[in-house]
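Enquirer: Below are the structure tokens for one structure; questions will follow.
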Amino acid sequence: MKWEENVRKVVPYVPGEQPQEKDVIKLNTNECPYPPSPMVEKAIKAMNYEELRLYPEFPEETPLAAQLAEYHHVKKSQIFIGVGSDDVLSMAFLTFFNSDRPVFFPDITYSFYDVWADIYRIPYEVKPLDGAFHIRKEDYIGKNCGGVIFPNPNAPTGVLMENTDIEEIIKANSDVVVIIDEAYIDFGGTSCLPLLEKYDNLLVVRTFSKSRAMAGGRIGYAVGNEKLIQYLNDVKYSVNSYTMNRPALQLGVEAVRDEAYFQEICGKMIATRERSERELAALGFTFPKSYGNFIFASHEKVTAQEIFEKLKERRIYVRHWNKARIDNYLRITIGTDEQMDALFAALREIV
Ligand code: PMP
């Protein structure tokens, strides 16, 4: 077709499968196995449907922005809210990676980064992780790049970088923005948010999808210097002003207010992760120490592809990528203890 040459062509991000059957064990998209806080449930039930008639409020003016600001001890004007952290990250790429120099991120990382770089025509270079899947901080220092982004802990490896190393990277790149994607920070890592007091080129991105059990609510946010957030809002309002729906804005507040529940489910997931590491090691798997709600594991004898398929036959879904360096690894999301026991029973038959 003649018009095709004028079409913007992209190779889209491929999310994990969302099987429709009910009786599957879903350990493939790092969702939380527990429901959201009971306060979220109460708020849904009390919601006034009539309000859907109205456009939502601007996110930065909502109680959710105030709640997050209070939670992180920052000003409301330092919070940017979006439709999941994917929306926040996408807007951040568009806003801050606007140099002719390449943006740097690891070769093994969240596989959406290169997709956003491609769609927005942002030049980028990937920096290989070392043999133990650690980010090499030297690769990001003194290299004159157009920006830096990586998750901490990294995904899908679960490897955590120390904040002292992150600080060196931020300091060395003061002419560009450094984005730290803290999607998984609540599972045992220490946030780099305190560095915001010292550096105005840092943007920290968070999500409600993992530790707050609200992947379906689609809430993400960024915390940064006021000016950075202003630039981000300018771009966001130039693409779509009403991105967040009313219910999400209301329910997010309840999730943040229920600190006790948040601590409880994070603690449970960490305990299950630690037990799972012991079980997997006993079954002959190796993996880097994980700080996420997942384990990135490889078996000494059986290929990841074979394990992936055999688990799927048993209706257990995990994540596998046919990608160089990681094609013999499986990313296994931490489920409930019962779900993990079913996984271990299946693995005992397979490996
Ligand atoms: N960052 C990382 C590292 C992730 O793994 C994910 C989950 N796919 C996201 C961001 C996006 O999550 P969400 O859009 O649900 O907030």
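Enquirer: Can you give me the number of residues within the range 249-298 that are outside any helix (DSSP H, G or I) and within 30 Å of PHE58 (Cβ to Cβ)? Let's see the steps before the verdict.
Expert: The first filter runs over the range 249-298 and keeps only residues outside any helix (DSSP H, G or I), leaving 258, 283-298.
In the following step, the residues that additionally are within 30 Å of PHE58 (Cβ to Cβ) were identified as 258.
Total satisfying the criteria: 1.
Enquirer: Given the structure, is LEU249 open to solvent by less than 20 Å² (accessible area, probe 1.4 Å) and over 29 Å from MET47 (Cα atoms)?
Expert: The answer is no for LEU249.
Enquirer: Within the range 23-36, can one find any residue that is at positive phi, open to solvent by 80 Å² or more (accessible area, probe 1.4 Å) and not small (Gly, Ala, Ser)?
Expert: no
Enquirer: Name the single residue, out of those in the range 37-63 being of a type in the set (Ser, Thr, Tyr) and surrounded by 12 or more Cβ atoms within 10 Å (Cβ to Cβ), that is modelled with the lowest pLDDT.
Expert: Step by step, filter the range 37-63, then rank; the result is THR62.
Enquirer: While we're looking at this one, here's another question. Return a yes/no flag: does the range 259-273 have any residue that is on the phi > 0 side of the Ramachandran plot and open to solvent by 20 Å² or more (accessible area, probe 1.4 Å).
Expert: Kept after step one, since they are on the phi > 0 side of the Ramachandran plot, are these residues of the range 259-273: none.
No, the range 259-273 has no match at all.
Enquirer: Among the residues of the range 216-246, which ones are in a helix (DSSP H, G or I) and open to solvent by 30 Å² or more (accessible area, probe 1.4 Å)?
Expert: GLY216, GLU226, LYS227, GLN230, TYR231, ASP234, VAL235, TYR237, SER238, VAL239, ARG246
Condition check ((1) open to solvent by less than 50 Å² (accessible area, probe 1.4 Å); (2) in contact (Cβ under 8 Å) with a residue 12 or more places away in the chain; (3) not charged (D, E, K, R)) across all residues:
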| site | (1), (2), (3) |
| --- | --- |
| LYS137 | no, yes, no |
| ASN144 | no, yes, yes |
| ILE166 | yes, yes, yes |
| ILE170 | yes, yes, yes |
| TYR184 | yes, yes, yes |
| PHE187 | yes, yes, yes |
| LEU195 | yes, yes, yes |
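Enquirer: Which one of these does VAL302 not meet: (1) open to solvent by 10 Å² or more (accessible area, probe 1.4 Å); (2) closer than 20 Å to ALA155 by Cβ?
Expert: (2)
Conditions (1) of a type outside the set (Asp, Glu); (2) out of contact with any helix residue (DSSP H, G or I) (no Cβ under 8 Å at 6 or more places or on another chain); (3) closer than 29 Å to GLY292 by Cβ, marked per residue:
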| site | (1), (2), (3) |
| --- | --- |
| ASN48 | yes, yes, no |
| LEU52 | yes, no, no |
| TYR55 | yes, yes, no |
| PRO59 | yes, no, yes |
| GLY82 | yes, no, yes |
| LEU94 | yes, no, yes |
| PHE97 | yes, no, yes |
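Enquirer: Taking VAL178 and the conditions (1) open to solvent by 10 Å² or more (accessible area, probe 1.4 Å); (2) touching a helix residue (DSSP H, G or I) at 6+ places or on another chain (Cβ under 9 Å), which numbered condition does it fall short on, given that it satisfies the others?
Expert: Going through the list (1) open to solvent by 10 Å² or more (accessible area, probe 1.4 Å); (2) touching a helix residue (DSSP H, G or I) at 6+ places or on another chain (Cβ under 9 Å), VAL178 breaks only (1).
Enquirer: I'm checking my understanding of the structure. Among residues of the range 79-138 that are of a type outside the set (A, V, I, L, M) and in a strand (DSSP E or B), which one is nearest to the ligand (Cβ to nearest atom)?
Expert: Result: GLY82.
Enquirer: I would also like to ask the following. Quick one: in the range 240-254, which of the residues that are touching a helix residue (DSSP H, G or I) at 6+ places or on another chain (Cβ under 7 Å) and within 16 Å of the ligand (Cβ to nearest atom) is nearest to GLU70 (Cα to Cα)?
Expert: Per the stated criteria, the residue is GLY252.
Enquirer: PHE294 versus (1) open to solvent by 20 Å² or more (accessible area, probe 1.4 Å); (2) of a type in the set (A, V, I, L, M, F, W, C); (3) closer than 28 Å to HIS72 by Cα: which is the lone unmet condition?
Expert: (1)
The values are calculated or read from the model by the stated rules, or taken from the named source; none is laboratory data. None of these values were measured; they are calculated from a predicted model. We place every Cβ from the backbone using ideal geometry, glycine too, and count neighbours over all the protein chains shown. Accessible surface is based on the protein model in full, side chains and every heavy atom, while ligands, DNA and RNA are left aside. Shrake-Rupley method; radii C 1.70, N 1.55, O 1.52, S 1.80 Å.
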